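The values are calculated or read from the model by the stated rules, or taken from the named source; none is laboratory data. Because the structure is predicted, anything quoted here is derived from the model rather than measured. All Cβ positions, even for glycine, are placed from backbone atoms using ideal geometry, and neighbour counts span all protein chains on display. Keep in mind that these areas ignore ligands, DNA and RNA; they rest on the heavy atoms of the full protein, side chains included. Shrake-Rupley method; radii C 1.70, N 1.55, O 1.52, S 1.80 Å.
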Amino acid sequence: MAEEELQMEEGGKKSKLMIIIIAVVVLIIGGGAAYYFLMGSEEPAPVVEEGTAVAGSEGTDNAAAASTSLVKTGTALYVAMPRPFTFNAPGATRDRYVEIKVQLMMRGSDNEEQVKMHIPLIEGTLLTSFSTANADDLATEAGKTAIRANALKEVQRIMADLTGNQVVEEVLFTGFVMQ
């Protein structure tokens, strides 16, 4: 009779353990589902263009921030220039040899196709833009930022002339060597 009581107690412990495990699994699944539905909204963020305010935000600090910045939606795509750009940059004390590897960032496969189709023109535009650089300026972070901004402006201008859209969102330096 003592053996029967011992077996019943062990069976009770196993069922309690099973209930606890099931409860933990249900809580984890429920928490994951709640996170997905609350945080994983599939609605795209609204696109705010320059000079426009978000409805209902007039008179707030957010209106100024929304009107000056663009909300960028879509997957970022990158197109690497096939060859690095090599050129001599004049400096105050001596000329320097510069090699820059570039990738262009855009959003949307249509824009990616446009960029790929016009790579020779973009390469020529970038080389022209880079050739105006001064070695002393390129030695500083501010100089690199300025040449990158100038290159972006020129590429956007040439793509706007060709396609009607700026297409390229960023010019990224993925390699930069100066000797």
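The table below lists the values:
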quantity: Selected residue (criterion: farthest from Ala80 (Cα to Cα)) from residues of segment 154-179 that are open to solvent by 70 Å² or more (accessible area, probe 1.4 Å) and without any contact (Cβ under 8 Å) to a residue 12 or more places away in the chain; calculated: Asp161
quantity: Top-ranked residue of segment 29-41 - restricted to ones that are exposed (fewer than 10 other Cβ atoms within 10 Å of the Cβ) and assigned to a helix (DSSP H, G or I), ranked as modelled with the highest pLDDT; calculated: Leu38
quantity: Tabulated pairs, segment 72-96, first without any contact (Cβ under 8 Å) to a residue 40 or more places away in the chain, second acidic (Asp, Glu), C-beta under 6 angstrom, 6+ apart or interchain; calculated: Leu77/Glu112; Thr86/Glu99; Asn88/Asp95
quantity: Meets criteria (open to solvent by 30 Å² or more (accessible area, probe 1.4 Å) and modelled with pLDDT under 90) for Asn134; calculated: yes
quantity: Residue identified as acidic (Asp, Glu) and modelled with pLDDT under 90 among Glu112, Glu123; calculated: Glu112
quantity: Some residue of segment 140-159 being over 17 Å from Thr174 (Cα atoms), more than 24 Å from the chain's Cα centre (by Cα) and of a type outside the set (Lys, Arg); calculated: no
quantity: Residues satisfying the stated conditions in segment 121-153, i.e. free of Cβ contacts under 8 Å to residues at least 24 places away in the same chain and closer than 16 Å to Gln166 by Cα; calculated: Ala149, Asn150, Leu152, Lys153
